[in-house]
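Each remark here refers to the structure printed beneath this line.
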Amino acid sequence: MNPFHYELSHLETLEAEAIHIFREVAAELERPVLLFSGGKDSLVLLRLAQKAFHPGKFPFPIMHVDTGHNFPEVIEFRDRLIDELGERLIVASVQDSIDSGRVAEETGPRASRNRLQTTTLLDAIAAHNFDAAFGGARRDEERARAKERVFSFRDDFGQWDPKAQRPELWALFNGRIRQGEHVRVFPISNWTELDVWQYIAKEKLEIPSIYYVFERDGMLYAHSDFVELIDGETPFPESVRYRTVGDMTCTGAVRSKATTLEDVVAEIAATRITERGETRADDRVTEAAMEDRKREGYF
């Protein structure tokens, strides 16, 4: 055996590709920002950014678009984690967008602020003149995201046109943009949900602890002051976990007895339902719900 032969594992290959993307953006663009939600995908992005630029600090700030209806455990975890990293956090508030009249609050038992995030995000990108925004979207999540490139071009209205994406042959990325335009960058685009959980276990990353729930349309939601119950809905205790983290009003949980990352990895390896298909109410509005929101400028 050749003592100098070295072969990367599957996770190491994905990690190397993502680190390359982070460094490519830092070299090509002037004002990137890393979008952070506190969920598993953005936690992986933070670790990859650490590895890409260690021992230096991130050459960009971290930004959370806060709906005001987030899980309190996630907000506490976010603040503590960013403080430990010593990085700069920008909080873009949907409540501020509502107060300023930029968006209108939805009402009723199915009301959600999730779609309102688009305006808050685009306003924050324009206010800080960001020309690139890292996100944790993956192609295996949803059909619209499967169409997206690693460098996803957005026009001067922040909109996405799936027919105007740029080729990315041989991992060559075109970050050339004009004033007012920007790119969304997805370093873990080629990862699966299973890859993400295996990486979290491998890197021993801390995740937020998030439980009374109620059932609606076959999905389990956390009971909170932000959600109006429909007649017949009664909160009850249940052992659950979250496959994705977002606005409490449209993010569902799954029944689970998993107590360790190894248990979660085993459950994900056995499931045949995507995380967004099983736990995101906003993707059930229409067949093309995600693509419609992305065309408007959504994550």
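Here's the list of lysines a cross-link from K163 could span, going by alpha-carbon distance under 20 Å and ignoring same-chain residues fewer than 8 apart: K147, K294. The distance between label points at T192 and T13 comes to 1.3 nm (points 7 Å beyond Cα on the Cα→Cβ vector). Using R0 = 41 Å, the C-beta based FRET efficiency linking H20 and T234 works out to 0.20.
Once all protein chains are placed together, F53 keeps about 40 Å² accessible to a 1.4 angstrom probe.
Using only side-chain charges placed at the Cβ, +1 for Lys and Arg and -1 for Asp and Glu, the dipole size of the stretch 17-93 relative to its Cα centre rounds to 160 debye.
Applying 1/(1 + (r/R0)^6) with r as the Cβ-Cβ distance of R102 and E168 and R0 = 35 angstrom yields a FRET efficiency of 0.55.
Among E267, E7, the order of accessible area from largest down is E7, E267, computed with a 1.4 Å probe on protein heavy atoms. The lysines within cross-link reach of K202, meaning a Cα-to-Cα straight distance under 28 Å and a gap of 8 or more places when in the same chain, are K40, K51, K57, K257. Largest first, the residues S256, S9, S93 sort by 1.4 Å accessible area into S9, S93, S256. Counting only heavy atoms of the protein chains and using a 1.4 Å probe, T274 has close to 60 Å² of accessible surface.
The values are calculated or read from the model by the stated rules, or taken from the named source; none is laboratory data. Here the structure is a predicted model, which is why all the values come from computation and not from measurement. Neighbour counts run over all protein chains shown; Cβ positions are idealised from the backbone, glycine included. Surface areas here come from the heavy atoms of the whole protein model, side chains and all, with no ligands, DNA or RNA. Shrake-Rupley method; radii C 1.70, N 1.55, O 1.52, S 1.80 Å.
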